Amino acid sequence: MSDTIRITGGKPLTGEITVRGAKNFVSKAMVASLLGDGPSILHNTPDIRDVGVVTGLLELHGAKVTYDAPSGALTVDPTTVASAEICDVSVHAGSSRIPILFCGPLLHRLGEAVIPDLGGCRIGERPVDFHLEILQKFGAVVEELGDGIRLSAPNGLHGIKYRLNYPSVGATEQLLLTAVRAEGMTRLENAAVEPEIKDLIDLLQKMGAVISVETDRSVTIEGVTQMHGYEHISLTDRIEAASWAAAALATRGDVFVHGAQQRTMAMFLNVFRKVGGEFEVREHGINFRHPGGELRSIALQTDVHPGFMTDWQQPLVVALTQAKGLSIVHETVYEQRFGFTDALVKMGANIQLYRECLGDTACRFGQLNFKHSAAISGPTPLHAADIDVPDLRGGFSHLIAALAAEGTSTVTGVGIIDRGYENFRDKLAALGASFE
Ligand code: EPU
């Protein structure tokens, strides 16, 4: 498929699209299937590249994976799982951050794990120090290879007490996927509590795990010796749903997103309303529209759940270029997530980046040298430009900007968007976008 799209913008997006399972849950659910002693089936699985990457890694380890894209049914049979070599798994080096989550399940199953160098969007340093510390506390021995790491568990894995310095999504998942079959009790404090993590906990419970979650971000896991396959329906991708909502707002459009769920998007819906967008929650999705007139500026900061997600920030910023007045966005999850704004400025947006924490809360990046706050002053009409996609969410934001801009923009590198947005070209066509 071509990596370049030419979009003629200035036309409202109108119509209906469907959003299926969440990229940031489905990939973890696929890894969790390695913990079971029989096949698992995941429904509502989207046809995105990250699913392909995890499928490839599972197959390299001898698991049998089948996927029926139209129905979204994905099965993983882990009964024939075997160790893989670093030279084999390295074909997936740099393609995703999911491989690090294979550690616990593979250690339980095979006593060793070989993990390639990680990938994922370049939106900050994104270290895995929490992951490795957690695994070592459980009893894993980590050996650095030139192109990845090898882990072993000579004395098995044993429950731990751990407090995260920051409620990291991936580190919480690492701990869950390791603790469920470790010997004894594990207690995690300051855990991430994103809806995708709650869905993972539900799924692990279906498999036989014993997990209790308290209201203060603490999680207790009682290790079990055996787990079985699951059947589960993935929650909807709330990042994709919000991205289409932001596209409706930025283009003065009206889009019904089948599958969008109010309970996972509360903070986004609040912000959408405050900036002047209208939405209506219906039985099978949410309708997002620009009601006409001017949008309002807003001050917000991204945060861990239940705050405003960092992944909603980039699409929304495009809509904020069309709001009257000065908007402030303080990014507190990743230190370098405003790189995508260069292209918006090139298209006529008025955006200034600051190293300081703008707004009323200081974050852990405040004393560091990262431009992690943005002041957006609008409304500024956007004009067409040639732009290159920097990362997944920034890339989708560039599409939104091109859709909102007068004239024809050329957007290169759009293949990266296939990592997390299912059939986005078909959806653009369904919403009446002019592109080739
Ligand atoms: N962090 C550390 N050390 C660690 C782990 C994380 O310092 O060992 C820091 C990170 O550098 C970052 C912060 O903690 O500054 C939060 O990172 P987190 O671990 O929560 O993120 P993640 O698990 O790597 C997932 C999603 C991201 C999403 C974040 C936050 C997946 C595959 N990725 O990343 O999604 O932004 O949680 O909700 O689930 C995306 O979909 O585009 C995306 C980037």
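The values are calculated or read from the model by the stated rules, or taken from the named source; none is laboratory data. On a predicted model such as this, the values are computed, not experimentally measured, just so you know. Cβ coordinates were reconstructed from backbone atoms using ideal geometry, including for glycine residues, and neighbour counts include every protein chain displayed. Protein only, heavy atoms only, side chains kept; ligands, DNA and RNA dropped before computing areas. Shrake-Rupley method; radii C 1.70, N 1.55, O 1.52, S 1.80 Å.
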task = Averaging sequence separations of C-alpha pairs under 8 Å and six or more residues apart, then dividing by the length of the stretch 293-436, give the relative contact order as a whole percent.
result = 22
ask   = Once you put a point 7 Å from the Cα of Asp47 and another 7 Å from the Cα of Ser2, both along the Cβ direction, what distance in nm separates them?
value = 2.0
key: Amide H contacts under 5 Å for Phe308, placed H, 5+ residues apart   = Asp303
request  = Could you look at the chain and say what percent of its accessible area is carbon and sulfur, using a 1.4 Å probe and all protein chains?
outcome  = 49
inquiry  = Can you compute the label reach from Asp129? Point 7 Å from Cα along the Cβ direction, backbone N cut-off under 17 Å, restricted to the stretch 344-371.
reply    = 364-370
task = Just tell me which lysines come within less than 27 Å, Cα to Cα, of Lys28; anything on the same chain fewer than 8 places away is out.
result = Lys64, Lys137, Lys161, Lys198, Lys206, Lys427
message = Relative contact order of the chain, please, whole-number percent, based on alpha carbon pairs below 8 angstrom and at least 6 residues apart.
response = 20
ask   = Counting alpha carbon pairs within less than 8 Å and at least 6 residues apart, what relative contact order, in whole percent, applies to the stretch 23-226?
value = 17
query = What are the residues whose amide H is under 5 Å from the amide H of Ile149, where those residues sit 5 or more places off or on another chain and H is modelled from the backbone?
reply = Ile115
task = Would you please name the trypsin sites (Lys or Arg not before Pro) within the stretch 363-436 that are DSSP coil residues with at most 15 other C-beta atoms within 10 Å of their C-beta?
result = Arg364
query = In the stretch 44-143, which trypsin sites (Lys or Arg not before Pro) fall in coil by DSSP and have 14 or fewer other Cβ atoms within 10 Å?
reply = Arg122
task = Above 40 angstrom, tally the Cα pairs of the chain and express them as a % of all pairs, no decimals.
result = 18
query = So how strong a dipole does the stretch 23-226 carry about its Cα centre when Lys and Arg Cβ are +1 and Asp and Glu Cβ are -1, to the nearest 20 debye?
reply = 260
message = Please list, ordered by chain and number, the residues whose modelled amide H lies under 5 Å from the amide H of Ile298; skip anything fewer than 5 residues away on the same chain.
response = Ser327, Ile328
key: In order through the stretch 173-178: 3J(HN,Hα) via Karplus (6.51 cos²θ - 1.76 cosθ + 1.60), integer Hz, x for Gly, Pro   = 5, 4, 5, 4, 5, 8
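Taking 0.36 nm per residue of sequence separation and subtracting the Cα-Cα distance, how much length would be gained by fully extending the chain between Asp388 and Gln205, in nm to one decimal?
This chain segment gains 61.6 nm when fully extended.
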task = Tabulate in residue order the Karplus-calculated ³J(HN,Hα) for the stretch 426-436, using 6.51 cos²θ - 1.76 cosθ + 1.60 with θ = phi - 60°, rounded to whole Hz; enter x for Gly and Pro.
result = 4, 5, 4, 5, 5, 9, x, 5, 9, 7, 9
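According to the square roots a ≥ b ≥ c of the eigenvalues of the Cα gyration tensor, what is the shape class of the stretch 23-226, taking rounded for a/c under 1.5, prolate for a/b larger than b/c otherwise, and oblate for the remainder?
Rounded shape, in that the Cα axes give a/c under 1.5.
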request  = May I ask for the angle, rounded to the nearest 10°, between helix 49-60 and the longest principal axis of the chain, with both axes built from Cα atoms and the value confined to 0 to 90°?
outcome  = 20
inquiry  = Per q in 0.15, 0.17, 0.22 Å⁻¹, report the Debye log10 I(q)/I(0) for the stretch 1-130, using one uniform scatterer on each alpha carbon and no solvent.
reply    = -0.77, -0.93, -1.36
query = Rounded to the nearest 500 deg cm²/dmol, what is the calculated helix-only ellipticity per residue at 222 nm for the chain, with -39500 (n - 2.57) per DSSP H run of length n ≥ 4?
reply = -8500 deg cm²/dmol
inquiry  = Would the stretch 262-378 count as rounded, prolate or oblate if I go by the C-alpha gyration tensor, calling it rounded below 1.5 in a/c and otherwise prolate when a/b exceeds b/c, oblate otherwise?
reply    = oblate
query = So what J values fall out for the stretch 39-46 if you push phi through Karplus, 6.51 cos²θ - 1.76 cosθ + 1.60 with θ = phi - 60°, rounded to Hz, Gly and Pro as x?
reply = x, 10, 10, 10, 9, 6, 6, x
inquiry  = Tell me the per residue accessible area of the chain using a 1.4 Å probe; a whole number in Å² is fine.
reply    = 38
remark   = Where a ≥ b ≥ c are root eigenvalues of the Cα gyration tensor, a/c under 1.5 meaning rounded, otherwise prolate if a/b exceeds b/c and oblate otherwise, the stretch 115-188 counts as oblate
ask   = About the Cα centre of the stretch 207-332, what is the dipole size in debye to 20, counting +1 per Lys and Arg Cβ and -1 per Asp and Glu Cβ, all else neutral?
value = 540
ask   = If the chain between Lys198 and Glu85 were fully stretched, how many nm would it gain, using 0.36 nm times the residue separation less the Cα-Cα distance?
value = 37.4 nm
task = Mind putting together the pair-distance distribution for the stretch 125-275? All Cα pairs, 10 Å bins, whole percent per bin, short to long.
result = 10, 31, 29, 19, 9, 2, 0
